[in-house]
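K.L.:
Pasting in a structure now, in C-alpha cells, and then I'll have a few things to ask.
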Amino acid sequence: MNFDTFSTFYAFGIIAVMVIVVLPSIWSTLKLNEPFLYHSFEEADEWHANAKREHPVRYFLTEDVPMFFRRLNGRRRDLYYWVRNTLWDRHNTIVCRKLPVTWSDRDHRMLHACFQLLTDFMDLEKPWEFSASDEEMREAYKDCDWADERVEDWRELRELYQWWQKRDETGEKYDADQLMLTRLIKHRRLLWT
C-alpha cells in the first residue's frame with residue numbers, strides 16, 4: 001500500500017468520524033430553541049420570521065434542510081403507495097364474488113357491489129360488534145345515550161349480512177332486493193372500523 005492510498009483511506013476515515021460523531025453533536029447545539037407549543041398560528045409565524053432574520057444560517061440548517069428531506073421522503077412514500085395501489089392492492093375496486101361473470105345490468109351490479117362491501121367489511125375487517133351479542137354491546141355502550149339505537153343498527157346489519165349469505169340467484173326478487181338494499185344504505189355510516 002503506497003502513501004497515496006493510505007492518505008486517501010485516512011481522509012475518508014476522518015470524514016466518516018466527523019459525520020458519525022461530530023456532526024450530530026454540532027447539530028444538537030444548532031437548534032434554535034423553538035418553543036414546544038404555540039398559542040396561535042400568528043405566534044408560530046412570528047417566531048419563524050424572527051429566527052430566520054436573527055440566525056439565517058442556523059435556521060437554514062435546522063429548519064429548511066430537514067423540511068426538504070421530509071418533503072422528499074413524503075414524495076417517495078406517495079410514489080410507492082401509488083404504484084402499490086395501482087398494480088397490486090387496488091383498494092378502489094370491488095370484486096363481486098357472487099356476481100356471474102356474464103353481462104349484468106347496472107342495477108344488478110349496484111346491488112352486488114353494495115352487499116359485497118358489507119361482506120368484505122364483516123369478513124375482512126371483523127368489527128367486534130358483528131360477533132358480540134346484544135347484551136355485550138349494551139354493556140359496552142352503557143354510558144352512551146345512543147346505546148339502544150346502536151344495538152338495533154348492528155342487529156339489522158347482521159340480519160342483512162345473513163340474508164345476503166343465504167340469498168340465491170334464482171328467480172325475480174326485485175322488490176325484496178330493493179328493500180334490503182335500502183336498509184343497507186340507511187346503515188352505511190357503521191361500515192368503518
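The values are calculated or read from the model by the stated rules, or taken from the named source; none is laboratory data. Remember, it's a predicted structure, so these values are computed and weren't measured experimentally. With ideal geometry, Cβ positions are generated from the backbone for all residues, glycine too; neighbour counts draw on all protein chains shown.
K.L.:
Name the single residue, out of those in the stretch 101-114 being modelled with pLDDT of 90 or more and aliphatic (A, V, I, L, M), that is nearest to the chain's Cα centre (by Cα).
P.N.:
113
K.L.:
Return the residues of the stretch 128-144 that are closer than 18 Å to residue 162 by Cβ and touching a helix residue (DSSP H, G or I) at 6+ places or on another chain (Cβ under 7 Å); say none if nothing qualifies.
P.N.:
Answer for the stretch 128-144, where residues must be closer than 18 Å to residue 162 by Cβ and touching a helix residue (DSSP H, G or I) at 6+ places or on another chain (Cβ under 7 Å): 129, 130, 134, 137.
K.L.:
Please verify whether residue 117 is at pLDDT 90 or above, closer than 28 Å to residue 173 by Cβ, touching a helix residue (DSSP H, G or I) at 6+ places or on another chain (Cβ under 6 Å) and not aromatic (Phe, Trp, Tyr), treating the condition exactly as stated.
P.N.:
No: the conditions fail for residue 117.
Residue-by-condition table, conditions (1) surrounded by 11 or more Cβ atoms within 10 Å (Cβ to Cβ); (2) aromatic (Phe, Trp, Tyr):
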| site | (1), (2) |
| --- | --- |
| 91 | no, no |
| 95 | no, no |
| 99 | yes, no |
| 102 | no, no |
| 111 | yes, no |
| 115 | yes, yes |
| 119 | yes, no |
| 122 | yes, no |
| 138 | yes, no |
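K.L.:
Additional query: Looking for whichever is in contact (Cβ under 8 Å) with a residue 12 or more places away in the chain, among the charged types (D, E, K, R) and not in a helix (DSSP H, G or I) here; the options are 98, 142. Which one fits?
P.N.:
98
K.L.:
Sort out which residues of the stretch 116-137 are charged (D, E, K, R) and either in contact with a Pro (Cβ under 7 Å, 6 or more places away or on another chain) or farther than 14 Å from residue 191 by Cβ (or both), and write them in order of number.
P.N.:
134, 135, 136
K.L.:
On the basis of being touching a Phe, Trp or Tyr at 6+ places or on another chain (Cβ under 9 Å), over 16 Å from residue 160 (Cβ atoms) and surrounded by 10 or more Cβ atoms within 10 Å (Cβ to Cβ), does residue 78 make the cut?
P.N.:
Answer is no for this residue.
K.L.:
Of 166, 142, 173, which residue is surrounded by fewer than 11 Cβ atoms within 10 Å (Cβ to Cβ) and over 30 Å from the mean Cα position of the chain (by Cα)?
P.N.:
166
K.L.:
Now a separate question. Scan the stretch 65-91 residue by residue and report those that are among the charged types (D, E, K, R) and either in a helix (DSSP H, G or I) or under 30 Å from residue 52 (Cβ atoms) (or both).
P.N.:
Within the stretch 65-91, 70, 71, 75, 76, 77, 78, 84, 89 meet the criteria.
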